[in-house]
Amino acid sequence: MYTEKVIEHFRHPHNMGRLAEYSAIGKVGNIVCGDVMWLYIRVGKDDRGRDVIADISWETFGCTAAIATSSMVSDLAKGKTLAEAIAITNQDVAQELGGLPPVKMHCSALAADALNEAIYTYLSEQGQEIPDALRRRHERIEKEVAALDKRYKAFLDRETRKAAPPETGESKCS
Amino acid sequence: MPERIYLDNSATTPVASEVFDAMRPYFDSAYGNASSLHAFGREARRAVEESRAGIAEFLGVLPEEVVFTSGATEADNLAVLGTAYARDRRGGHVVSSAIEHHAVLHSVDWLASHGFEATLLDVDETGRIDPDQVRAALRKDTFLVSIMAGSNEIGTLEPIAEIGALCRERGIVFHTDAVQGFGKIDLPVESVDLLSASAHKLHGPKGVGFLFVRRKTRLSPLMLGGGHERGRRSGTENVPGIVGFAAATRLAATERDQVTTRLRAFRAKLLEGVAAIPGTRLNGHPTESLPHIANFSFAGIEGESLVMRLDEEGIATSTGSACSSPDLEPSHVLVAIGVPLSMAHGSLRISTGRQTTPTDIDRLLDVLPRVVKDLRDLSPFKVGE
Ligand SMILES: Cc1ncc(COP(=O)(O)O)c(C=O)c1O
Ligand code: FES
């Protein structure tokens, strides 16, 4: 079900662990859903004075795809300007890995979201202007976290068999 | 890469060579349809009936009480739905448990959405059901109780003799899914009216099972057609499969005691070995368990990646983690025994078989701490920090 590339990154992940010095963290996912990613970035300047991701690392609790996408997103973002890094999508991550099984696409979304959140946190903390696209994604991610919390409650209720079956169409762990 | 090790025997088992040899002629020389009049057909019929008699004798029941099916999923469906359909639209109440295999659970769910009522019993933190819970759940209109003999995920054994006895007192049909126990443990068949088993869990072929149906138990068929299996399951008999199931049963009968003793020792060793790794727990019962299944959780890591890492090391296992399931929800069994969701994501099921060697277990216990540590190093949740 996984491509060679996914397995390769899973087997030998790049940039894992916690940076000794970092500028910001992006934390996404939910332990209840079984996937959590913390992404660390250290922001520096390139020779033209632009903000770049000088170093990046991650810690992930998740499946094979979650680990492989963490590794891939860190490769893609490393050395990029913040503007370039913001433009990285989950499709880019999945594509670079030669594709992901449909049920695992949310793992690549998690990786792209973590990067988004790390940059968002950095810019906010620096008091810098937040690009619209970044803000919109941040708001979407926040909303999803709230939905997950709600779904988590529904799940627990259902497991104790006190509640009606979950509403149809409710989102699964994103 | 060292030789691959298979520790996923509750998913399926390798066909034993004796079983394979017994089956082979029924593919290409004795290939008749068991319903045919000619010599080919009679040869196939004889093989089917001898197989039936052999399995019945092993189980301690009558040959005509054994109904061959396409596996245990069908046997479970036939038991639950067939008993309900035989009630001629009178409706009624079914009791089952939260940890049944989906073949039972989804059949019970279907009944519950089609005019029947169902109670799913909770289990304790080891996965056990107390017969008193069953007693308390029974109603005037309860017509079926279905409780598995032993869990395919966590191995816990259920008190089916006691449950069967209290159903018998009240004239309620008692079904047990004995897929994981058949051929491995003593089954109190005298307390049971319906019992499901599957060949591929016992070193037989996939795609064949049976339902034991005690005489006089009312059951509607689900498969309609040529009236095979005394009208209880139409469809041309899977002759090689049935012969294989009987051969696997014979093999189990001759070597059961020594195999079970060995598997029990493996399980004890696994429990000890995993307990030595920090941040782990046993899911299941320390002793009241099937001999071949051990289920653990590892804090801070996710089960699918654990299974994949072990696979990289040549060791095949399985998990009840959400990420490994198509609907991204953790195993209903782990949730039912109250494993915290964070730990349910990090579950690992190890299941042994007659071919498992002490070296296999040593290899696993050698590799496991390293693999767990590797994954914990990647995880934001540090165990013991
Ligand atoms: C407890 C239990 N019941 C039913 C089944 C279904 O059996 P089969 O694969 O023969 O349909 C299995 C195995 O998958 C099982 O472990
Ligand atoms: S982390 Fe759960 S499916 Fe990938």
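Every number here is computed from the coordinates shown, using simple stated rules; none is lab data. Keep in mind the model is a prediction, meaning the values are calculated, not measured. FYI the Cβ positions are ideal-geometry reconstructions off the backbone, even for glycines, and counts take in every protein chain you see.
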* Scale the Cα Rg of the range B:113-228 by the rule-of-thumb value 2.2 N^0.38 Å and send over the ratio, two decimals. => 1.12
* Whole-number Å³ per residue for the convex hull built on Cα positions in chain B -> 138
* Asked: Which value, in Å³ per residue, describes the convex hull spanned by the Cα atoms of the range A:4-73?
  -> 90
* **Neighbourhood charge, 13 Å Cβ-Cβ cut-off, centred on B:G181 and excluding it, Lys, Arg +1 and Asp, Glu -1** => -1
* Residue order, fewest to most surrounding Cβ atoms within 10 angstrom, among A:W58, B:W110, A:W38 -> B:W110, A:W38, A:W58
* In nm, spacing of pseudo-spin labels at B:N33 and A:A83 (7 Å Cα→C-beta vector) -> 7.6
* Compute the separation of the alpha-carbon centres of the range B:119-164 and the range B:312-385 and state it in Å as a whole number. => 27
* **Within chain A, helix-based [θ] at 222 nm, where runs of 4 or more DSSP H residues each add -39,500 (n - 2.57), nearest 500** => -15500 deg cm²/dmol
* Asked: B:E18 label point, 7 Å along Cα→Cβ, cut-off 17 Å on backbone N: hits in the range B:199-221?
  -> B:199-205
* Structure fact -> From the Cα centre of the range B:205-244 to that of the range A:2-81, the distance in Å is 55
* Structure fact -> Scalar couplings 3J(HN,Hα) for the range B:74-91 by Karplus 6.51 cos²θ - 1.76 cosθ + 1.60 (θ = phi - 60°), nearest whole Hz, x for Gly and Pro, are 5, 4, 5, 4, 5, 5, 6, 6, x, 5, 5, 4, 5, 8, 6, 6, 7, x
* Structure fact -> Long-range amide H partners of B:N283, meaning residues 5 or more apart or on another chain whose placed amide H is closer than 5 Å, are B:N295, B:F296, B:S297
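Taking N as the number of residues in the range A:1-132, what is its Cα Rg relative to 2.2 N^0.38 Å? Write down the numbers at each step before the final one.
Numbers: Rg = 14.0 Å, N = 132, 2.2 N^0.38 = 14.1 Å.
After normalising by residue count via 2.2 N^0.38 Å, the value is 1.00.
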* Asked: What do you get for Rg/Rh of the range A:1-44 when both radii come from the Cα atoms and Rh is the Kirkwood radius?
  -> 1.06
* For the range B:161-304, alpha-carbon Rg over 2.2 N^0.38 Å -> 1.31
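If you stretched the chain out fully between B:D311 and B:E125, how much longer would it get, using 0.36 nm times the residue separation minus the C-alpha to C-alpha distance?
That pair, B:D311 and B:E125, stretches by 64.0 nm at full extension.
With all distinct Cα pairs included, what does the Kirkwood hydrodynamic radius of the range B:1-160 come out to in Å, to one decimal, could you say?
18.9
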* State to the nearest 20 debye the size of the charge dipole of the range A:4-162 about its Cα centre, where the only charges are +1 on K and R beta carbons and -1 on D and E beta carbons. => 580
* Asked: Long-range amide H contacts for B:E117: which residues qualify at under 5 Å (H placed 1.01 Å from N, peptide plane, sequence gap of 5 or more or a different chain)?
  -> B:G92, B:H93, B:V94
* To do: Give me the lysines in straight-line cross-link reach of B:K216: C-alpha distance below 24 Å, same-chain residues under 8 apart excluded.
  => B:K140
* Structure fact -> Computed ³J(HN,Hα) along the range A:139-150: with the Karplus parameters 6.51/-1.76/1.60, θ = phi - 60°, integer Hz and x for glycine or proline, the list is 5, 4, 4, 4, 5, 5, 4, 4, 5, 5, 4, 5
* Per the Debye formula with a single identical scatterer at each Cα and no solvent contribution, what log10 I(q)/I(0) holds for the range B:108-173 at q = 0.14, 0.15, 0.18 Å⁻¹? -> -0.44, -0.50, -0.71
* Structure fact -> Neighbour-count ranking for B:C323, A:C107 (other C-beta within 10 angstrom, fewest to most) reads B:C323, A:C107
* Structure fact -> In the protein assembly as shown the DSSP beta bridges are antiparallel at a rate, in percent to nearest 5, of 70
* **Dipole axis of the range B:17-251 (+1 Lys, Arg; -1 Asp, Glu on Cβ), positive-most option in B:G226, B:A165, B:A44** => B:G226
* To do: State which stretch of chain A is the longest one without any exposed trypsin sites (Lys or Arg not before Pro), exposure meaning a DSSP loop state and at most 16 other Cβ atoms within 10 Å.
  => A:51-160
* State, to one decimal in nm, how far the label point of A:D75 lies from the label point of B:L365, with both points 7 Å from Cα in the Cβ direction. => 3.9
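Just how large is the dipole of the range B:17-251 about the Cα centre, in debye to the nearest 20, putting +1 at every Lys and Arg Cβ and -1 at every Asp and Glu Cβ?
Around 880 debye, computed over the range B:17-251.
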* **Radius of gyration and maximum dimension Dmax of the protein assembly as shown, Cα, Å** => 26.9, 91
* Asked: Just for the range B:1-157, what percent of DSSP beta bridges are antiparallel, to the closest 5?
  -> 10
